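Q: Have a look at the structure that comes next, please.
The values are calculated or read from the model by the stated rules, or taken from the named source; none is laboratory data. Given the structure is predicted, the values throughout are model-derived calculations rather than measurements. In this analysis, Cβ positions are derived from the backbone assuming ideal geometry, glycine residues included, and neighbour counts consider all displayed protein chains. Note: accessible area is taken over every heavy atom of the protein model, side chains too, but ligands, DNA and RNA are not part of it. Shrake-Rupley method; radii C 1.70, N 1.55, O 1.52, S 1.80 Å.
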Amino acid sequence: MDDAHPGALSAPAVPLGPGPVARPLFTDVDAPDYDNVLACIRCGLCLSVCPTYSTDHLEVQSPRGRVALIRAVEEGRLPLESPGFKEHMYHCLDCRACQTICPSGVRVGELVVAARAEIDKREPQPWLERILKRVILRWLLLRPERVEWAMVPLRLYQRIGLQRLVRSTRLLGRLPGRLGVLGFMEELLPRLPGRPLRQELAEVTPARGERRYRVGFFLGCVMNVVYAEVSRATVNVLTENGCEVVTPKAQRCCGAPHAAEGDTRSLRALARHNVDLFEQWDLDYVVADCAACAAQTKEYAHLLRDEPNYRDRAIAFSRKVRDITELLAEIPLKSPTESVPVRVTYHEACHLCHAQGVRRQPRKVIKQIPGIEFVELKESDWCCGSAGIYNITHPERASRILERKLKNIAATEADIVLTGNPGCLLQLDAGVRRAGIRSRVLHPTQLLDAAYRAGKAAGKRE
Ligand code: SF4
Ligand code: SF4
């Protein structure tokens, strides 16, 4: 005990270590924010919400541990290339649950992603990883038409019946070693649409009835080529709510995959392009039905803060961005008239609840659908393990995280699980199929669209 302060412990539970340094190692604009690193008071509150800590029970796999590692590298006490540093940075899901709970405002997810950018810049990568990253991030994902072409062989694979054969023989699951990941990736693949939505959707879709708003639609890469029917439903819901929907054909990836992999150069180029493009239309809002796209485009203001040509325009752009449920709650939603008698639960995408703080609005919108029985999902804001491409790069870890989510979903006995992010849709859909859970996994706009359609069909019958 401290005599001057009775009740105080003579030593902190976690040693506080050396004092801060005047010149941290990373100083460029994308580097981890050293002041924010120093804000960590090592209270450990974040440990209870971190999925990687809950599966490993290792300090280095916790938010507090990751911040301590970044600080050690910044202060020159740990070499950037030391074994384990890269691994612990890449084992983070960037789910940002730790940011929601942290009393000191430490943005751990952002610090980790910034540390990855430093690793990417300073450390030599294995040649295969380097080439793959370059091809995917700096070529494929820079143009939507390239992503669309890349999906053609997969569509063919499904249409000629090869997928049925592969699934019935469980061929890919028997591949040895790291090739086993192909089986897991195959399992994730849902039925692909006949055509990407970008090719079908008019650049301007008029509002039904009186126009109340003019809304730019940020059509995410995955939504465009994998979940075209979801984004079609989103456009229907928007027009039903008096929105004229502008979907610029020349829009490009939001940059979320680039941010996650530390490719800030491509990320900035994409952000500038999208700001230039959307500001040509006189828009009230920019809306996305992909939580990751909305989260990333809201960050353009911060990303381009040091570019005089873009700073104010990026702020104006980011201020207009809304997740679809956020917008519907705000304008507000026209309630469907027909009853949809289903039991529904809701999984919160990390990029919606933790990165954007959007929690109340999706529930409000879902509960406005007449006839539904809404049941809360235990740990609804706990990551499902998808986390961008984490389920592909770390399939075993992602599966362990998913198991916890599936147990909670099964306990709800819901007919439908709603979630607002394509990564979660893929992960949960594959998960419920594998676990034999009878729930369907849908986006909230699909259920809303179905409710509006049911109302119209009933109106015609009367
Ligand atoms: S909750 Fe915040 S301050 Fe506390 S240990 Fe975690 S990161 Fe540090
Ligand atoms: S972002 Fe998620 S996985 Fe990463 S440290 Fe925070 S809680 Fe853990």
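Q: Count, please, the residues in region 188-235 that happen to be touching a strand residue (DSSP E or B) at 6+ places or on another chain (Cβ under 8 Å) and charged (D, E, K, R).
A: Qualifying residue count, region 188-235: 4.
Q: Give the residue, chosen from Ser266, Ser339, Ser335, that is open to solvent by less than 30 Å² (accessible area, probe 1.4 Å) and at pLDDT below 95. Outline the logic, then answer.
A: Working: Ser339 fails: open to solvent by less than 30 Å² (accessible area, probe 1.4 Å); Ser335 fails: open to solvent by less than 30 Å² (accessible area, probe 1.4 Å).
The unique qualifying residue is Ser266.
Q: A further question on this structure: In region 27-41, what count of residues is obtained for those that are within 14 Å of ligand 2 (Cβ to nearest atom) and either assigned to a loop (DSSP other than H, G, I, E, B) or among the hydrophobic types (A, V, I, L, M, F, W, C) (or both)?
A: Just the residues of region 27-41 that are within 14 Å of ligand 2 (Cβ to nearest atom), to begin with: 32, 36-37, 40.
Adding the requirement that they be either assigned to a loop (DSSP other than H, G, I, E, B) or among the hydrophobic types (A, V, I, L, M, F, W, C) (or both) leaves 32, 37, 40.
Summing the residues that are within 14 Å of ligand 2 (Cβ to nearest atom) and either assigned to a loop (DSSP other than H, G, I, E, B) or among the hydrophobic types (A, V, I, L, M, F, W, C) (or both) in region 27-41 gives 3.
Q: From Lys364, Lys405, which residue is over 19 Å from the mean Cα position of the chain (by Cα) and under 30 Å from Glu299 (Cβ atoms)?
A: On the way: Lys405 fails: over 19 Å from the mean Cα position of the chain (by Cα).
Just a single option satisfies the conditions, and that option is Lys364.
Q: Moving on to the next point. Identify all residues within region 84-111 that are more than 6 Å from ligand 2 (Cβ to nearest atom), among the hydrophobic types (A, V, I, L, M, F, W, C), in contact (Cβ under 8 Å) with a residue 40 or more places away in the chain and part of a helix (DSSP H, G or I); write none if there are none. Spell out the reasoning first.
A: First, pick out the residues of region 84-111 that are more than 6 Å from ligand 2 (Cβ to nearest atom): 84-91, 99-107, 110-111.
After this cut, where a residue has to be among the hydrophobic types (A, V, I, L, M, F, W, C) as well, the list is 85, 89, 101-102, 106, 111.
Restricting the remaining residues to those that are in contact (Cβ under 8 Å) with a residue 40 or more places away in the chain gives 101-102, 106, 111.
Residues satisfying the conditions are Ile101, Leu111.
Q: For region 40-58, how many residues meet the condition of being touching an Asp or Glu at 6+ places or on another chain (Cβ under 9 Å) and open to solvent by less than 40 Å² (accessible area, probe 1.4 Å)?
A: Of all residues in region 40-58, those touching an Asp or Glu at 6+ places or on another chain (Cβ under 9 Å) come to 47, 49, 53.
Filter once more, keeping what is open to solvent by less than 40 Å² (accessible area, probe 1.4 Å): 47, 49.
Selection size over region 40-58: 2.
Q: Exactly one of (1) open to solvent by less than 20 Å² (accessible area, probe 1.4 Å); (2) in the same structural domain as Met151 (by TED's automatic domain parsing) is unmet by Ala115. Its number?
A: Result: Ala115 fails condition (2) only.
Q: Suppose the filter is open to solvent by less than 30 Å² (accessible area, probe 1.4 Å) and in a helix (DSSP H, G or I); does Val147 pass it?
A: Working: open to solvent by less than 30 Å² (accessible area, probe 1.4 Å): yes; in a helix (DSSP H, G or I): yes.
For Val147, the condition - open to solvent by less than 30 Å² (accessible area, probe 1.4 Å) and in a helix (DSSP H, G or I) - is met.
Q: Let me ask something else about it. Which condition does Arg252 not pass, out of (1) open to solvent by less than 40 Å² (accessible area, probe 1.4 Å); (2) touching a Pro at 6+ places or on another chain (Cβ under 7 Å), if it passes all the others?
A: (1)
Q: I've got another one for you. Of all residues in region 55-68, which are in contact with a Leu (Cβ under 9 Å, 6 or more places away or on another chain) and touching a residue at least 24 places away in the same chain (Cβ under 8 Å)?
A: Residues of region 55-68 in contact with a Leu (Cβ under 9 Å, 6 or more places away or on another chain): 59-60, 62-67.
Of everything in region 55-68, those that are in contact with a Leu (Cβ under 9 Å, 6 or more places away or on another chain) and touching a residue at least 24 places away in the same chain (Cβ under 8 Å) turn out to be Val60, Pro63, Arg64, Arg66, Val67.
Q: Residues that are farther than 25 Å from Thr100 by Cβ and not aromatic (Phe, Trp, Tyr): does region 296-306 have at least one? Give the steps one after another, and end with the answer.
A: Going through region 296-306, the residues farther than 25 Å from Thr100 by Cβ turn out to be 304, 306.
Checking the rest, the ones that are also not aromatic (Phe, Trp, Tyr) come to 304, 306.
Checking region 296-306: at least one residue is farther than 25 Å from Thr100 by Cβ and not aromatic (Phe, Trp, Tyr).
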